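Reviewing the structure listed below.
The values are calculated or read from the model by the stated rules, or taken from the named source; none is laboratory data. These numbers come from a predicted model, not from an experiment. Please note: Cβ atoms are built from the backbone with ideal geometry, for glycine as well, and neighbour counts cover all protein chains shown.
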Protein chains: 2
Amino acid sequence: MRKMRRKGLASMAVQTVAPTTNAVDLGPATGLSCRECGERFALGPIFACELCFGPLEVAYELPAGDPEALRKQIEAGPANIWRYAPLLPVPADVTQKPNLNPGWTKLVQADNLARALGVEPGKLFVKDDSGNPTHSFKDRVVAQAIEAARAFGFTTLSCSSTGNLAGAVGAAAARAGFRSCVFIPHDLEQGKVVMAAVYGGDLVGIEGTYDDVNRFCSELIGDPLGEGWGFVNVNLRPYYAEGSKTLAYEICEQLGWRLPDQLVIPIASGSQLTKIDKGLQELIKLGLVEDRPYKIFGAQAEGCSPVSAAFKAGHDVVRPQKPNTIAKSLAIGNPADGPYVLDIARRTGGAVEDVNDEQVVDAIKLLARTEGIFAETAGGVTVGVTKKLVENGLLDPSLTTVVLNTGDGLKTLDAVADTSQATAVIRPSLDAFRDAGLAN
Amino acid sequence: MRKMRRKGLASMAVQTVAPTTNAVDLGPATGLSCRECGERFALGPIFACELCFGPLEVAYELPAGDPEALRKQIEAGPANIWRYAPLLPVPADVTQKPNLNPGWTKLVQADNLARALGVEPGKLFVKDDSGNPTHSFKDRVVAQAIEAARAFGFTTLSCSSTGNLAGAVGAAAARAGFRSCVFIPHDLEQGKVVMAAVYGGDLVGIEGTYDDVNRFCSELIGDPLGEGWGFVNVNLRPYYAEGSKTLAYEICEQLGWRLPDQLVIPIASGSQLTKIDKGLQELIKLGLVEDRPYKIFGAQAEGCSPVSAAFKAGHDVVRPQKPNTIAKSLAIGNPADGPYVLDIARRTGGAVEDVNDEQVVDAIKLLARTEGIFAETAGGVTVGVTKKLVENGLLDPSLTTVVLNTGDGLKTLDAVADTSQATAVIRPSLDAFRDAGLAN
């Protein structure tokens, strides 16, 4: 597991140049620590350990004292992720700065879906992140990266993206007053190009695949051309990734400060799943929720299921795959956090499962017609996997279960377009309507 | 003005058949009253006065007593429109019923946009309704119609639509457990067809224009084929329309229980603008906000500007137009509430203005690059009109102004697609990037 990560990161620049790192105030964040060897580093735009090349993550001094007082403070906070500012790497005055204020999305009690899946009504919930400003969970992570970029004095924000992240970065940068310059494969769908360009930042199409875009960005970070640039998912990644913790916080608070029994979370890089687990553990440590067992289930598309394959084979390394699935926002063939996901699924008694593209489409439509939620393909993956986990007995249908929808169906219309058409096309006459057989 | 409305409605069925109207509980709603002659009717699925064919609207017995207690009750309510249940035609237990729970969308302090428009920073706000479940304000009005449909015992929901409303009805019906059958022109853009079909209800394409669809629906309401159907924007319209009041409530509460000085509101049928005014008046009457003057400005696209034309000509009747604009969600050439809009704009000292399609596109992009909000064309209309009103001196740039964005740019991508493209397309090499001239 370590060997693989080293190989992956060894070719990338570890330390990047920031304009200034003086007087960094990122609230409760006290430094960065290596997830592999535990080495500590000062807060800065770095992302891999100088000693072992392990990934760095944010270390905190979390609020001590009465959990009830902290709970009240949070509940009195704004209806967005900043209600959890005391638990995030952001300055205490974060709400005074211009940003998109994502989060506090709906936790929908999904009784109709529960009945369709054979889950006890009242026990199934969908955390619907399509309600975020640019309609995906990416707004949560970008919001953290923006605050880190401010703290480090960056004035240009960047990322490599297949579209969704580019839009989230473009929008957040526009409002926060950063220049943005983001990189995408040049042949993306028109809709994603427009979404990434409309916020007025620079958008660069790279002649090549997403892997080529990624490689190019890694080169750029190490080059003077990229000096002073904050790449949200590279040199700002430790901060960026923390945004996913807010999903854990919100789910528990929305359940009445209670841990769910089971969570079904999509896996792309695996970062979201690992950070949700981190968030749940923090809530337990802080005494904000009762400490009791929960199971975390990871969800992949069959066409890009390296973590699911490893889980099922009992491996603790993840063999990279070449993605081929309609769930493009999850199509990372070599997921950086894959081994950690395996650890968490096994430790909590969960599992990692996958569904094929047909099942993804069926699940998108099932969620739409039961709950009125139009999910992107990643949401089809989690709902489809939930169905499969109930069928194969791995998920207990009598326990509280939260399924994540991380994006919006409007962004992946193609997935359902063929099978979502008019029931009938008729002349505007009552006779024609009668003949169509649709009257009560 | 009356003559025109009579002519418009005389050809439509006034009373429609509901399965049952016993024991109607719609909370504080006590009946319907004719907006023209004041005649009162019992709550039911009717929409035009039997005496004068005037439009009916909901009459209330609003909560009496201490405003502070009501304010506290509202503030303790859910983060959606149901916090205002005591002021809406819905039963008190509305939150116990499955619905999409729209509303409580962001009121964004738009300092960057303010600077761009020459408005005093801190004084300009965008009420961004793209955060609703199906990403338009339609979720607010459909949510009211759903509760009325429940009260009247309807089991099928319907509407005529150019797309957005069809999606909102499909989604809300799916979650609330209604059958839906909605009507659209058969040649709509693919995306809108998919959005309207994905929720699993019946979707009927009508061979003809939106006007043909409307005429067909009017026929269907009067025919046994449509018996027992609730058409949200026809026989449930009095209830449906009340949903727009929640925009007024939220804006004032989000401003700290204060009236804005100026509002810029898009005009399609004009219903939204008139109901926002109604909502503001209710807040004043209830003592929830201080009674002081506010100005209401209506915004139209030049290619469909019958109300703006009437306002500028000093008329109190609205001459129908044949719409030709990219702002399709506002393209109602014969707006039913046009005369009331004229009354309100004149009474409050506001105005009605219009912008051309090029200005709409420029305004969409201005809002995106200043605030990170990607609006649909209707949002381009309101922002563009705000710009024009500042320039022509009708809007005071030193006063608190709220501009509505009622929908999402993802639904009208075509408007900005031509001009929102990659800045550069390059090979994945540092040399190529240097040559593109985009480095800092």
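Contact map, the stretch A:420-432: first residue more than 7 Å from chain B (Cβ to nearest Cβ), second residue in a loop (DSSP other than H, G, I, E, B), Cβ cut-off under 9 Å, separation 6 or more or different chains; pairs are A:Ala432/B:Glu207.
Considering only residues that are over 15 Å from A:Gly380 (Cα atoms), more than 18 Å from the chain's Cα centre (by Cα) and at pLDDT 95 or above, which ones fall in the stretch A:322-356? Write out each step before concluding.
Of all residues in the stretch A:322-356, those over 15 Å from A:Gly380 (Cα atoms) come to A:322-324, A:332-352.
Still in the list and also more than 18 Å from the chain's Cα centre (by Cα): A:322-324, A:343, A:346-351.
Hits for the stretch A:322-356 are A:Asp343, A:Arg346, A:Arg347, A:Thr348, A:Gly349, A:Gly350, A:Ala351.
Here B:Ala439 meets each of (1) more than 7 Å from chain A (Cβ to nearest Cβ); (2) in contact with a Cys (Cβ under 9 Å, 6 or more places away or on another chain) with one exception, condition (1).
Of all the listed residues (B:Val142, B:Val90, B:Val126), the sole one being outside any loop (DSSP other than H, G, I, E, B) and closer than 25 Å to A:Val108 by Cβ is B:Val142.
Being within 30 Å of B:Gly287 (Cβ to Cβ) and not aliphatic (A, V, I, L, M) narrows it down to one of B:Gly230, B:Gly270, B:Gly226, so name that one.
Numbers: B:Gly230 fails: within 30 Å of B:Gly287 (Cβ to Cβ); B:Gly226 fails: within 30 Å of B:Gly287 (Cβ to Cβ).
Answer to the check: B:Gly270.
Of the set (1) under 28 Å from B:Ala79 (Cβ atoms); (2) under 18 Å from the mean Cα position of the chain (by Cα), all apply to A:Thr162 but (1). Among all residues of the stretch B:392-409, there is at least one that is more than 30 Å from A:Glu219 (Cα to Cα) and free of Cβ contacts under 8 Å to residues at least 40 places away in the same chain.
On the basis of being more than 12 Å from every other protein chain (Cβ to nearest Cβ), under 30 Å from A:Asp261 (Cβ atoms) and surrounded by fewer than 24 Cβ atoms within 10 Å (Cβ to Cβ), does A:Lys138 make the cut?
Working: more than 12 Å from every other protein chain (Cβ to nearest Cβ): yes; under 30 Å from A:Asp261 (Cβ atoms): yes; surrounded by fewer than 24 Cβ atoms within 10 Å (Cβ to Cβ): no.
It is false that A:Lys138 is more than 12 Å from every other protein chain (Cβ to nearest Cβ), under 30 Å from A:Asp261 (Cβ atoms) and surrounded by fewer than 24 Cβ atoms within 10 Å (Cβ to Cβ).
If you go through the stretch B:93-109 and keep only what is more than 9 Å from chain A (Cβ to nearest Cβ) and either in a loop (DSSP other than H, G, I, E, B) or surrounded by 23 or more Cβ atoms within 10 Å (Cβ to Cβ) (or both), you end up with B:Asp93, B:Lys97, B:Pro102, B:Gly103, B:Thr105. On the basis of being within 14 Å of chain A (Cβ to nearest Cβ), more than 24 Å from B:Ile332 (Cα to Cα) and surrounded by 20 or more Cβ atoms within 10 Å (Cβ to Cβ), does B:Gly372 make the cut? Yes: the conditions hold for B:Gly372. Here's a check for you: in the stretch B:141-174, which residue that is within 12 Å of another protein chain (Cβ to nearest Cβ) and of a type in the set (Val, Ile, Thr) is farthest from A:Ala116 (Cα to Cα)? That would be B:Val142. In this structure, is A:Leu367 more than 20 Å from A:Gly191 (Cα to Cα), surrounded by fewer than 24 Cβ atoms within 10 Å (Cβ to Cβ) and in contact with a strand residue (DSSP E or B) (Cβ under 6 Å, 6 or more places away or on another chain)? No.
Yes or no: A:Thr382 at pLDDT 95 or above, crowded, with 24+ Cβ neighbours inside 10 Å, more than 23 Å from B:Leu203 (Cβ to Cβ) and under 18 Å from the mean Cα position of the chain (by Cα)?
Working: at pLDDT 95 or above: yes; crowded, with 24+ Cβ neighbours inside 10 Å: yes; more than 23 Å from B:Leu203 (Cβ to Cβ): yes; under 18 Å from the mean Cα position of the chain (by Cα): yes.
Criteria met by A:Thr382.
Look at B:Ser308 and say whether it is out of contact with any Cys (no Cβ under 6 Å at 6 or more places or on another chain), closer than 30 Å to B:Ala173 by Cα and touching a residue at least 12 places away in the same chain (Cβ under 8 Å). No, not satisfied. Under the condition of being free of Cβ contacts under 8 Å to residues at least 60 places away in the same chain and facing chain B (nearest Cβ under 7 Å), the residues counted in the stretch A:185-212 number 16.
When you check B:Phe154 against the structure, is it in a loop (DSSP other than H, G, I, E, B) and surrounded by 24 or more Cβ atoms within 10 Å (Cβ to Cβ), yes or no? Criteria met by B:Phe154.
No other residue among A:Gly349, A:Gly298, A:Gly314 is of a type in the set (Gly, Ala, Ser) and in contact with an Asp or Glu (Cβ under 8 Å, 6 or more places away or on another chain) apart from A:Gly298.
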